[in-house]
1. Tell me, which longest segment in the chain has none of the trypsin sites (Lys or Arg not before Pro) that fall in DSSP loops with at most 14 further Cβ atoms within 10 Å?
2. Determine ³J(HN,Hα), in whole Hz, for all residues of the range 60-71 in sequence, where each value follows from phi through the Karplus function 6.51 cos²θ - 1.76 cosθ + 1.60 and θ = phi - 60°; x replaces Gly and Pro.
3. Roughly how many Å² of VAL7 are accessible to a 1.4 Å probe, to the nearest 10?
4. Pop out the carbon and sulfur fraction of the accessible area of the chain as a percent, whole number, probe 1.4 Å.
5. Nearest 10 degrees, 0 to 90: what angle lies between the long axis of helix 10-48 and the longest principal axis of the chain (Cα atoms)?
6. Express in nm, to one decimal, how much length is gained between ARG19 and ARG60 on full extension, taking 0.36 nm for each residue of separation and deducting their alpha carbon distance.
7. Determine the principal axes of the Cα atoms in the chain, then give the extent along each, sorted from largest to smallest and rounded to whole angstroms.
8. Any idea of ASP15's accessible area? Nearest 10 Å², probe 1.4 Å.
Amino acid sequence: MRIAAVVGSLKRILDEEVRAGERAVTRAIRAETERLKRELREQVVSAFGARGRGLSGAWRSRVFPQSGDSLGAAGIVWTKAPTIIDAFERG
């Protein structure tokens, strides 16, 4: 194991690492939330054809926190047409 000397303020260095982690987590959550929403929209269009384009737009997403970055970031995806989607799921 190699140990390097700390140059500067250890607190500042650790704060920078935490901020970098917060940015990374928030970016990853935002990207995956958008990917899931896009995938769900594509599934609706593939199931209903061109007529499904309007229904596919009912999928919504939100990432928390809404502004800034956090190590505890979270994303949610939901539909504004749950009854139609439920009927589609049940066949």
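The values are calculated or read from the model by the stated rules, or taken from the named source; none is laboratory data. The shown structure was predicted, so the numbers you read here are calculated from the model rather than taken from an experiment. No Cβ is skipped: glycine too gets one built from the backbone with ideal geometry, and neighbour counts run over all protein chains shown. Just the protein is used for accessible areas: all its heavy atoms, side chains included, with ligands, DNA and RNA removed. Shrake-Rupley method; radii C 1.70, N 1.55, O 1.52, S 1.80 Å.
1. After excluding every exposed loop site, the longest remaining stretch is 3-79.
2. So the J values, rounded to whole Hz, are 10, 8, 8, 10, 10, x, 6, 9, x, 10, 8, 5.
3. 120
4. That fraction is 56 percent.
5. 10
6. Extra length from ARG19 to ARG60 when fully extended: 12.0 nm.
7. 63, 27, 21 Å, listed from the longest principal axis down.
8. Per-residue accessible area (ASP15): approximately 60 Å².
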